[in-house]
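Worksheet: one structure, shown below.
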Amino acid sequence: MNSGGTVREQLLRGVSLRVTQLDALPNGRVVLQGYGDAGDHNAQIYGSDGRRRHSFTMGRAVQYLMADRRHHVWSAYFDEGVYVDPISAAGLVRWDSGGNQQWGYTPPEGIEYIDTVYAFNVDDGVAWASYYPTFPLLEAWTNGRIRLRRTPVVAPAGMAVHEDQILMLGGNRQSDRLHRCRMTEHEALLIEESCLTLPNGAPLKGYARPIGRGRHLYLRGTSPRQWYVMGI
């Protein structure tokens, strides 16, 4: 785990999941999601002492699992869960740090439901998602307010958001493209488009699923310990 620029190791006791995703919560806690022999309870929260505090059912086919500094946990899903699981059916769900479901996405009338979340970003108290089939930009706040905007980017891979600016990576069948947009009330307007390369100028050929946290977008390099960061 990384805290204040330093790396520390935390031992978790009695993990009964084959972990596929994890994230850090405030106060040294950790949330895990995966598969195992725990029945339907496919998510677990551990305290700073490494002991399990909660087990709960997060639904099937979790595409993204992210937490914020206000003790919220967000889970976004893909189609293999959306059409068969009652929790995953919302496409985007928010939990408290005890594993209690607080909210699930219901689109306004006339807007398509979530099939699969392609790009996701979480900041304190707000989550952003671009989802199939129509790829609107969904802005969801913890007070229940949501807003949807049209964007010029189809199927982005990741995004960074700050104030009225959004940076979208990939999409439009061009995985190395960066699209910088300015958000209005109803749409994101393209300001600039550029080609993303590695720091040495080499082409960006492929990458694991990017992680968006507020104004930063994180890309993993050739090893699990190597990460690149871009911001807006």
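The values are calculated or read from the model by the stated rules, or taken from the named source; none is laboratory data. Just so we're clear, the structure is a prediction, and the values are computed from it rather than from any experiment. Cβ placement follows ideal geometry from the backbone for every residue including glycine, while neighbour counts extend to all protein chains displayed.
What are the pairs with Cβ atoms under 9 angstrom where one residue, in region 175-191, is over 16 Å from SER130 (Cα atoms) and the other, located anywhere, is charged (D, E, K, R) and at pLDDT below 95? Sequence gap at least six, or different chains.
From region 175-191, the pairs are ASP176/LYS205.
Out of curiosity, is ARG94 among the basic types (Lys, Arg), surrounded by 18 or more Cβ atoms within 10 Å (Cβ to Cβ) and out of contact with any Leu (no Cβ under 6 Å at 6 or more places or on another chain)?
yes
For GLY99, state whether it is touching a strand residue (DSSP E or B) at 6+ places or on another chain (Cβ under 9 Å), surrounded by fewer than 19 Cβ atoms within 10 Å (Cβ to Cβ) and on the phi > 0 side of the Ramachandran plot.
Considered against the rule, which asks whether it is touching a strand residue (DSSP E or B) at 6+ places or on another chain (Cβ under 9 Å), surrounded by fewer than 19 Cβ atoms within 10 Å (Cβ to Cβ) and on the phi > 0 side of the Ramachandran plot, GLY99 comes out as yes.
If only one of GLY171, GLY144 is outside any strand (DSSP E or B) and either surrounded by 23 or more Cβ atoms within 10 Å (Cβ to Cβ) or in contact with a Pro (Cβ under 6 Å, 6 or more places away or on another chain) (or both), which one is it?
Criteria check complete, one pass: GLY171.
Looking for something surrounded by 17 or more Cβ atoms within 10 Å (Cβ to Cβ) and either of a type in the set (D, E, K, R) or closer than 21 Å to GLU112 by Cα (or both) - is there at least one such residue anywhere in region 196-208?
No - not one qualifying residue is present in region 196-208.
Across region 25-61, which residue is surrounded by the most Cβ atoms within 10 Å (Cβ to Cβ) among those that are at pLDDT 95 or above and aliphatic (A, V, I, L, M)?
Looking at residues that are at pLDDT 95 or above and aliphatic (A, V, I, L, M), I get MET58.
CYS195: within 19 Å of LEU148 (Cα to Cα), in contact (Cβ under 8 Å) with a residue 12 or more places away in the chain and outside the structural domain of VAL126 (by TED's automatic domain parsing), yes or no?
Spelling it out, it is not the case that CYS195 is within 19 Å of LEU148 (Cα to Cα), in contact (Cβ under 8 Å) with a residue 12 or more places away in the chain and outside the structural domain of VAL126 (by TED's automatic domain parsing).
Suppose we filter LEU138, LEU189 for residues that are in the same structural domain as GLY214 (by TED's automatic domain parsing), in contact with a strand residue (DSSP E or B) (Cβ under 7 Å, 6 or more places away or on another chain) and at pLDDT 95 or above; which single one remains?
LEU189
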